[in-house]
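Let me begin by presenting the structure, written as structure tokens, before commenting on it.
The values are calculated or read from the model by the stated rules, or taken from the named source; none is laboratory data. Because the structure is a prediction, the values reported are computed rather than measured. Using ideal geometry, Cβ is built from the backbone for each residue, glycine included, and neighbour counts are taken over all protein chains shown.
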Amino acid sequence: MGIRFVLMVNKQGQTRLAQYYEWLTLEERRALEGEIVRKCLARTEQQCSFVEHRNYKIVYRRYASLFFLVGVDNDENELAILEFIHLLVETMDRHFGNVCELDIMFHLEKAHFMLEEMVMNGCIVETSKANILAPIQLMDKTS
Amino acid sequence: MAMHGMRGLSVFISDIRNCSNKEQERLRVDKELGNIRTRFKNEKGLTPYEKKKYVWKMLYVHMLGYDVDFGHMEAVSLISAPKYPEKQVGYIVTSCLLNENHDFLRLAINTVRNDIIGRNETFQCLALTMVGNIGGREFAESLAPDVQKLLLSSSCRPLVRKKAALCLLRLYRKNPDVVNVDGWADRMAQLLDERDLGVLTSSMSLFVALVSNNHEAYWTCLPKCVKILERLARNQDVPQEYTYYGIPSPWLQVKTMRALQYFPTIEDPNTRRVLFEVLQRILMGTDVVKNVNKNNASHAVLFEALALVMHLDAEKEMMSQCVALLGKFIAVREPNIRYLGLENMTRMLMVTDVQDIIKRYQAQIIASLKDPDISIRRRALDLLYGMCDVSNAKDIVEELLQYLSTADFAMREELSLKAAILAEKFAPDLSWYVNVILQLIDKAGDFISDDIWFRVVQFVTNNEDLQPYAAAKAREYLDKPAVHETMVKVSAYILGEFGHLLARRPGCSPKEIFNVIHEKHPTVSTSTIPILLSAYAKILMHTHPPDPELRNQIWAIFNKYESCIDVEIQQRAAEYFAMSRKGDALMDILAEMPKFPERQSALIKKAEDAEIDAAEQSAIKLRAQQQMSNALVVTNQSPANETPPPPVNQLGLVKMPSISSNLDHSSADQTLSVANGTLTTVDPQPPSADLLADILGPLAIEGPPGAAVQSEHNVVSEMEGVPNVADGAAIVPVGEETNSLQPIGNIAERFHALCLKDSGVLYEDPYIQIGIKAEWRAHHGRLVLFLGNKNTSPLVSVQALILPPAHLKVELSLVPETIPPRAQVQCPLEVVNLRPSRDVAVLDFSYKFGTNMVNVKLRLPAVLNKFLQPIPVSAEEFFPQWRSLSGPPLKLQEVVRGVRPLPLLEMANQLNCCRLMICPGLDPNPNNLVASTTFYSESTRAMLCLVRIETDPADRTQLRVTIASGDPTLTFELKEFIKEQLIDIPVAPHGPGPATPLTPAPTPAAAPPASLAVQPTAANDPGALLAGLL
């Protein structure tokens, strides 16, 4: 399937955005977020960006206080996902201008809109920033 | 932006953010949910804006991890709102909150369908996205044709078609029987001609799903994929928006190459040539550049190209190019590239003729086994395991063994299992194999399941040349000070059977062999005793000329166990005793064990089974799959159940020419079990019931055998009447806001309970619970601290420090700084006891919750009695020892007053709980107790301690205690320890005021807290103290 979930978590382990592409119960999600946050946040800059967890991998990247964690199947191309995270950040950056944790926190709906334009059912739909942002801009204009 | 921003939502988010603790957050969330619930109830008054705002709040609360069990209907109803902003929220929130089987979704199907077939393309997009994310069967049934139509429609814009492609993918994957894809090859080919890269990207995902299911149908699409790749690689007609750091959509390139890996081969020479040109350019033209993102993106493409080249099994030259590239990668500093280099090299092992080239990088791979990053270490281990064969097994296995001593716990089990499998599969000779397994048992006994040592016994029994070597090795290991119980088992078995082959060597007379085995006797659990008894019987038989002294000694042991509660032990003891009186007839009955029927290594079989379950792609699985297909990408449809051919068993080749197939296997098992049926009655060397079951049955790689032992202790120690000793200032929680936090339960009581049992709660307050679980073996202890966050927000600034007393070596593994909400963190703790002392290790633990800084100092139950092992002694053993330890400082006596009056039986129980074994009948006076135990520490090693307590039936508050051991400090410390257990100490001087356990720390308490010494002694120098006493 490719991408199983996208999580944004800050240094303190607080979830700022969670999008799952497979159904998990609340308890499963809480447990999963706890486990992977514990595993990934403890790692140093000198360690690689891939962590094996249960039967899948987490590809993660840190931007200032925010961690982007993407759960993928074992055979997924890790570097492609790593750069996909960056593409997501660049896209948010283009919209918010110098995006920071608070932008995502207070504009959760927009973060969701963007992610929704980029990933669908665990697959990448779109990688052009202009195309990704078009619906949001349209909405900003009309409302 | 401000215009459609939702103020209420922002205020709520900001309120949540300002909550200083989890409780406040929960209150705020509950309040909000209550509010939303009421507002939803009188829905008439709600504007679409309000509805939208509330639904977003619900999503926010859901993301925080709270259950939102209402309002789903409102979210779904927003889908049918006429305006885009409301509709959009309805679709997005519905797909986050509901799963595909939710009843409410059914209500929305009509609206969704209307949106999909309607003219408004923004509505179409929303509807397609939601169905693409959570659409189930009913959606597939009613929508699939419409979605297909949209995807192929020429009048539809790309923004709709790209979503239609992925929507169709979902419907097809979930319900392949409903979505008809017959004849889709032509349509797919048409789609792959698409110029728009967005549509192409999502169509490629759909294509991968279709082709992975049935590549035969899509041959015509293959050239199209190559064409796309060529277009991207040559950067023709790629809009700027789709190039990423100068690289034409790396994601589409990767996906296209992935699709190509589902075709077994490329027949058309032209297509093949074009493809290989492109691949060659990627392989050779990817340079390392400074920009991280560009570098990652180009390497993402490169690694996919490598995978495709490997899959297509190109010419030898290109393959060696790939290996050379990977060889370069595994040596670079950049950890991501190193990781991927190792991972892809493991995949490369599937291509048979590159294995020799990969071996050139063995040194580098072994170096990666010591990388600080566990992700990389795991890849290295997997690769080494996969690349191991007869030629390099010695080197690799020896490296694994060496690494085992320093490896972290997370990897030890896997390491030892893999080393054991490789040693068995590829052993150049059997003595090496035996040597490796004995080393494994020595270094990681806890992880060596019984089946591994059973296998050693089988090989040794079946190979005469091996027997003297194995016996000599076993004899060597028994000389070590601390021997793992598994080692005792295997050594006793081998020495019993083959010890006589060593007869002329120094230190190997029957008596000496008996002594060295019997020395371990006090430390072993019941499962080992039967093996020891068999060994003794065999030793006795092999003693020529008969040695009456040895015989009496062994008979005494048999006698002792004739009344053992364990039936297996009792039967063996009784039968051996009876048989050994028969003299020469013994020879026939106790003859050497017959050869074992050969069988497939259960260990390897088990490993293979486990691999099939484990989702992790490891080398063995890859290799197994290689036998079935050469497709690199493993799809869900691949027939994973097919059993791989049995591995070439080197060991089998040495002495056992054929490998039993599964059929032979079962019949062989039957023969053996029949043979054993008679064995149990006649042959005095029957494998125990467990042993038999384990040899024959499917093997479970079991956890450490300590568990069983531990549970026994628990049974013994589940006794009330824990010594009522009050605590000094041992527990001193300090806090910035000390009065805001009250521990739950009595810390001192918890500590005392844990002194007598091995698992339980050490500390608890409203935020955290610290549990402990311990295993003790000789002078080693392994404790695991379980730090459990009880709240829904994280505990931060978590710190744990151990303040060890001088006699303990304590190593605490890394404690995470943050404990996530409702999570439990495990921190293993290794303890080594250097010498006898009653001082206590202290855990200095602190964390922050909101603004509360909490600091507690907790005594760790790594106390003297944990290093004791009860041991029964007979009168013949006791009295000579008692007499030889004639007086101070090795034997100390003291009259103790102020004893808590206890019935004798209860006192005996209490000593038992402290792992002092009461030996009834040794003291003729029924008012006295005699007990024995073994104490373990690095300086004293295993040392026998004898205890005698004389009570006065007329005055139960006083008694006389006598302790003897071979070490003056130990004697003193043990005496004081026993006094502590028996004396009723008045409630400790807490000073005036309420004696709450929560007193602010008067000092930083760097030194370990005062131990529970009865008298204020200078406990640090027991020697001096002793001198004073004497």
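Note down all Cβ pairs under 7 Å where the first residue falls in region B:10-33 and is under 24 Å from A:Lys110 (Cα atoms), the second is in a helix (DSSP H, G or I) and hydroxyl-bearing (Ser, Thr, Tyr), and they're at least six residues apart or on different chains. Sorted first by the residue in region B:10-33, then by its partner, the pairs are B:Ile13/B:Tyr60. Among the residues of this structure, B:Asn120 counts as one that is within 17 Å of B:Ser80 (Cβ to Cβ) and not basic (Lys, Arg).
Among residues of region B:56-71 being among the charged types (D, E, K, R) and surrounded by fewer than 17 Cβ atoms within 10 Å (Cβ to Cβ), the one that is nearest to the other protein chains (Cβ to nearest Cβ) is B:Asp67. Could you list, ordered by first residue, the pairs with Cβ atoms under 6 Å in which the first is in region A:92-108 and closer than 14 Å to A:Ile136 by Cβ and the second is buried (at least 16 other Cβ atoms within 10 Å of the Cβ) and of a type in the set (Val, Ile, Thr), at least 6 apart or interchain? Cβ pairs passing all conditions: A:Met92/A:Val99; A:Asp93/A:Val99. Screening B:Pro836, B:Pro804, B:Pro820 for residues that are in contact with a Pro (Cβ under 6 Å, 6 or more places away or on another chain), at negative phi and in contact (Cβ under 8 Å) with a residue 12 or more places away in the chain leaves exactly one candidate, B:Pro820. Tell me which residues, restricted to region B:801-825, are in contact with a strand residue (DSSP E or B) (Cβ under 9 Å, 6 or more places away or on another chain) and either more than 14 Å from every other protein chain (Cβ to nearest Cβ) or among the basic types (Lys, Arg) (or both). Within region B:801-825, B:Leu801, B:Ile802, B:Leu803, B:Pro804, B:Pro805, B:His807, B:Leu808, B:Lys809, B:Val810, B:Glu811, B:Leu812, B:Arg822 meet the criteria. For region B:163-210, a residue qualifies if it is under 15 Å from B:Trp251 (Cα atoms) and surrounded by 21 or more Cβ atoms within 10 Å (Cβ to Cβ), and the qualifying residues are B:Leu197, B:Gly198, B:Val199, B:Leu200, B:Thr201, B:Ser202, B:Ser203, B:Met204, B:Ser205, B:Leu206, B:Phe207, B:Val208. If you filter region B:73-87 down to residues that are more than 10 Å from every other protein chain (Cβ to nearest Cβ) and more than 15 Å from B:Ile109 (Cα to Cα), you find that the one that is nearest to the chain's Cα centre (by Cα) is B:Glu74. Within region A:2-19, the residues that satisfy the criterion of being within 8 Å of chain B (Cβ to nearest Cβ) and either of a type in the set (A, V, I, L, M) or closer than 26 Å to B:Val208 by Cβ (or both) are A:Gly2, A:Leu17, A:Ala18, A:Gln19. Of all the listed residues (B:Phe972, B:Phe935), the sole one being in a helix (DSSP H, G or I) and at pLDDT 85 or above is B:Phe972.
Kindly evaluate B:Gln253 against the criterion of being under 24 Å from A:Glu90 (Cα atoms) and modelled with pLDDT of 95 or more.
Numbers: under 24 Å from A:Glu90 (Cα atoms): yes; modelled with pLDDT of 95 or more: yes.
Answer is yes for this residue.
Taking (1) out of contact with any Leu (no Cβ under 6 Å at 6 or more places or on another chain); (2) at pLDDT 90 or above in turn, A:Met139 satisfies each apart from (2).
β-branched (Val, Ile, Thr), more than 10 Å from chain A (Cβ to nearest Cβ) and within 20 Å of the chain's Cα centre (by Cα): is that true of B:Val798 in this structure? Talk me through it step by step, then tell me what you get.
Details: β-branched (Val, Ile, Thr): yes; more than 10 Å from chain A (Cβ to nearest Cβ): yes; within 20 Å of the chain's Cα centre (by Cα): no.
Taking the combined requirement at face value, the residue does not satisfy it.
Do we find that B:Leu46 is free of Cβ contacts under 8 Å to residues at least 24 places away in the same chain, of a type outside the set (Ser, Thr, Tyr) and touching a Phe, Trp or Tyr at 6+ places or on another chain (Cβ under 8 Å) in this structure? Yes: the conditions hold for B:Leu46. Residues that are within 14 Å of another protein chain (Cβ to nearest Cβ), within 45 Å of the chain's Cα centre (by Cα) and part of a helix (DSSP H, G or I) within region B:136-153 comprise B:Phe139, B:Ala140, listed in sequence order. On the basis of being in a helix (DSSP H, G or I), surrounded by fewer than 22 Cβ atoms within 10 Å (Cβ to Cβ) and within 20 Å of the chain's Cα centre (by Cα), does B:Ala419 make the cut? No, not satisfied.
Considering region B:21-55, and only residues there that are of a type in the set (S, T, N, Q) and part of a helix (DSSP H, G or I), the residue that is surrounded by the fewest Cβ atoms within 10 Å (Cβ to Cβ) turns out to be B:Thr38.
Of the strands (runs of 3 or more DSSP E) lying entirely inside region A:23-88, those containing at least 2 residues that are facing another protein chain (nearest Cβ under 10 Å) and closer than 24 Å to B:Cys96 by Cβ span A:56-63.
Just checking, does region B:775-789 include any residue being within 14 Å of another protein chain (Cβ to nearest Cβ), aromatic (Phe, Trp, Tyr) and either part of a strand (DSSP E or B) or in contact with a strand residue (DSSP E or B) (Cβ under 9 Å, 6 or more places away or on another chain) (or both)? Yes, region B:775-789 contains at least one residue that is within 14 Å of another protein chain (Cβ to nearest Cβ), aromatic (Phe, Trp, Tyr) and either part of a strand (DSSP E or B) or in contact with a strand residue (DSSP E or B) (Cβ under 9 Å, 6 or more places away or on another chain) (or both).
Within region B:930-976, the residues that satisfy the criterion of being surrounded by fewer than 21 Cβ atoms within 10 Å (Cβ to Cβ), of a type in the set (A, V, I, L, M, F, W, C) and in contact (Cβ under 8 Å) with a residue 40 or more places away in the chain are B:Ala942, B:Leu944.
Output the residue which, of all residues in region B:229-265 that are in contact with a strand residue (DSSP E or B) (Cβ under 8 Å, 6 or more places away or on another chain) and part of a loop (DSSP other than H, G, I, E, B), is surrounded by the most Cβ atoms within 10 Å (Cβ to Cβ). Only one residue fits best here, namely B:Ser249.
Among the numbered conditions (1) more than 23 Å from A:Glu27 (Cβ to Cβ); (2) more than 10 Å from every other protein chain (Cβ to nearest Cβ), the only one that B:Cys19 does not meet is (1).
Which of the following residues is under 39 Å from the mean Cα position of the chain (by Cα) and not in a loop (DSSP other than H, G, I, E, B): B:Val226, B:Val211, B:Val199? If you could, list the steps in order and put the result at the bottom.
On the way: B:Val226 fails: under 39 Å from the mean Cα position of the chain (by Cα); B:Val199 fails: under 39 Å from the mean Cα position of the chain (by Cα).
Among B:Val226, B:Val211, B:Val199, only B:Val211 is under 39 Å from the mean Cα position of the chain (by Cα) and not in a loop (DSSP other than H, G, I, E, B).
Only one of the listed residues (B:Asp967, B:Asp984) is modelled with pLDDT of 80 or more and acidic (Asp, Glu). That residue is B:Asp967. Note on region B:196-240: residues that are out of contact with any Pro (no Cβ under 6 Å at 6 or more places or on another chain), within 14 Å of chain A (Cβ to nearest Cβ) and over 23 Å from A:Asn121 (Cα atoms) amount to 2. Filtering region B:484-518 to residues that are within 27 Å of B:Ala931 (Cα to Cα) and free of Cβ contacts under 8 Å to residues at least 40 places away in the same chain leaves B:Asn515, B:Ile517, B:His518. Checked against the criterion of being in contact with a Ser or Thr (Cβ under 6 Å, 6 or more places away or on another chain) and within 14 Å of chain A (Cβ to nearest Cβ), region B:308-317 contains not a single residue that satisfies it. Only one of the numbered conditions (1) within 11 Å of chain A (Cβ to nearest Cβ); (2) closer than 18 Å to A:Glu116 by Cα is not met by B:Ile116, and that is (1). Do we have any residue at all in region B:117-135 that's part of a helix (DSSP H, G or I), charged (D, E, K, R) and crowded, with 19+ Cβ neighbours inside 10 Å? So far as region B:117-135 goes, no, none of its residues is part of a helix (DSSP H, G or I), charged (D, E, K, R) and crowded, with 19+ Cβ neighbours inside 10 Å.
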